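*Asks:* Below you will find the structure I want to go over with you.
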Amino acid sequence: MTEAIRKLFAVMPFLFGIGFIAPLTAQLMKLWGIPGPFGLSPIAFGLAFGGAWGLYANIKGRWL
Amino acid sequence: MDGPLKEDDALLREVLDAPGGDALAIPLLADDELDREARRSLRKEERDIAMKFHGGRMWVYAALTVGCFLVWVSLFPLAIMGLLGPVGLALGCVFATFCAAYGFIPSHEAMHSNIYPRGHKHYWANELTGHLSTVPIALGFGVARLTHMEHHKYTNHAELDPDYTDGAPNWWQAILKTWWNRQPGVEGSVMRYKRMMVDMDTPASRRAAMQTTLLQLVMLGTFFGMAWSGYAIEVALLWWLPRQLGLSWIRYWLSWAPHHPQEQGRYQNTRIFKARLGYWASMAMEYHLIHHLYPGIPNHRQREAFHALKDVLRRQGVDVSAH
């Protein structure tokens, strides 16, 4: 149990990226009427953006 | 130093001339015994005054905590039902930020069992206040209390003070540090607290660490669940952003400002300062030295206690010129 939680938190920045940043990005794009690039839907772009940012945070150990 | 000095009191003059609170009131070479007596007498005078400021209407802390917590929680279903609107959501964000930041004041009182002491028939209210008030920042009350006791025991110690990582050379770097310490690869703030729980390795620390972990999982579950249900902006404004702002506010005012520049010693590890944003915005931390000297004096009485203690503190070598 403890080990499973530790592993879960080890990848939490990535999970935060796809679990929170992705839908937040999509919702903001819809709110402000911003279309996704390359014909991507807002949520597809959100997943790409949030996933990449979360992965960066996971690897680098910081969000910026 | 300020205030008049009695000309006929040579002992007092020596105390005032001492470079710091832990410095000897009279040089050892002169008379060690006399110095010890002077210090003991001053400490007794200080304690006698301080004891008058313990207690008060502490139930107000508990009532405000429960009230604010209920209002904050009710904002989530209201937002989901679309009853808040943009203005309501913005006001909700301000209120949630207030709860996240200022909720630390009642939780801090509860950490010291100042609301109701252990053994009191209403001690449960003390514990309830502590647990509820730290929910918005997703910090378990057990971790907050255990690490805070370590902070009092080892204030400004590089290895042993859980809050030492908040140190910074100036105010703007201190603000940046509050953000930096929350980065996933940086062991500061809550991450440092959790590591200290592991190091303590006691039943209480293990329980406290698990409680914080569960609280964080509930928070993240709420973030993810609401975001994927189409309420990402709502949860961002009611919890994620208020938590970020609240944590930075707490770390800056409770940790950096009163302890800068992180000296050690009973009268040196915390300072009396004048906050540019004022008494309320600084969460009454201008008088944080009073709390470190006498943790039983509640937050709302520290200013009053300081003014009563000012002369004694000055004689102890404390710089009281800010107020």
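The values are calculated or read from the model by the stated rules, or taken from the named source; none is laboratory data. Predicted, not measured: the structure shown is a model, and the values here were computed from it. When we count neighbours, we look across all protein chains shown, and the Cβ atoms used for this are built from the backbone with ideal geometry, even at glycine.
*Asks:* Conditions: (1) within 14 Å of chain A (Cβ to nearest Cβ); (2) in contact with a Gly (Cβ under 8 Å, 6 or more places away or on another chain); (3) surrounded by 22 or more Cβ atoms within 10 Å (Cβ to Cβ); (4) not polar (S, T, N, Q). B:Met197 meets all but one. Number of the miss?
*Replies:* Exception for B:Met197: condition (2).
*Asks:* May I pose another question? For the range B:168-177, check the following and say yes or no: at least one residue is in a loop (DSSP other than H, G, I, E, B) and in contact with a helix residue (DSSP H, G or I) (Cβ under 8 Å, 6 or more places away or on another chain).
*Replies:* Checked the range B:168-177: at least one residue is in a loop (DSSP other than H, G, I, E, B) and in contact with a helix residue (DSSP H, G or I) (Cβ under 8 Å, 6 or more places away or on another chain).
*Asks:* Regarding B:Trp239, is this residue out of contact with any His (no Cβ under 8 Å at 6 or more places or on another chain), within 14 Å of another protein chain (Cβ to nearest Cβ), modelled with pLDDT of 95 or more and surrounded by fewer than 19 Cβ atoms within 10 Å (Cβ to Cβ)?
*Replies:* no
*Asks:* Cβ-Cβ distance below 6 Å, separation of 6 or more or different chains: which pairs start in the range B:208-219 with a residue that is within 11 Å of chain A (Cβ to nearest Cβ) and end on one that is hydrophobic (A, V, I, L, M, F, W, C) and surrounded by fewer than 18 Cβ atoms within 10 Å (Cβ to Cβ)?
*Replies:* Close Cβ pairs satisfying both conditions: B:Thr213/A:Ile5.
*Asks:* Among B:Leu237, B:Leu245, which is the only one that is touching a Cys at 6+ places or on another chain (Cβ under 6 Å) and in the same structural domain as B:Gln183 (by TED's automatic domain parsing)?
*Replies:* It is B:Leu237.
*Asks:* Just one of B:Ala125, B:Ala138, B:Ala158 is more than 10 Å from chain A (Cβ to nearest Cβ), in contact (Cβ under 8 Å) with a residue 60 or more places away in the chain and not in a helix (DSSP H, G or I); which is it?
*Replies:* Only one candidate passes the filter, namely B:Ala138.
*Asks:* Just one of A:Ile59, A:Ile43, A:Ile5, A:Ile21 is within 8 Å of the chain's Cα centre (by Cα), within 11 Å of chain B (Cβ to nearest Cβ) and of a type in the set (A, V, I, L, M); which is it?
*Replies:* Within the list A:Ile59, A:Ile43, A:Ile5, A:Ile21, the selection yields A:Ile21.
*Asks:* Taking the range A:8-17 only, how many residues are more than 9 Å from every other protein chain (Cβ to nearest Cβ) and surrounded by 22 or more Cβ atoms within 10 Å (Cβ to Cβ)?
*Replies:* Matching residues across the range A:8-17 total 1.
*Asks:* What single numbered condition from (1) more than 14 Å from every other protein chain (Cβ to nearest Cβ); (2) crowded, with 18+ Cβ neighbours inside 10 Å fails to hold for B:Leu277?
*Replies:* Unmet condition: (2).
*Asks:* Within the range A:31-48, identify whether any single residue is closer than 23 Å to B:Arg182 by Cβ, in a helix (DSSP H, G or I) and of a type in the set (A, V, I, L, M, F, W, C), and answer yes or no.
*Replies:* No, that holds for no residue.
*Asks:* Separate question: Can you confirm whether B:Glu109 is touching a Leu at 6+ places or on another chain (Cβ under 7 Å) and either more than 14 Å from chain A (Cβ to nearest Cβ) or surrounded by fewer than 20 Cβ atoms within 10 Å (Cβ to Cβ) (or both)?
*Replies:* no
*Asks:* Here is a further query. How many residues are of a type in the set (A, V, I, L, M, F, W, C), outside any helix (DSSP H, G or I) and closer than 14 Å to B:Phe273 by Cβ if we restrict to the range B:293-323?
*Replies:* Total meeting the criteria: 3.
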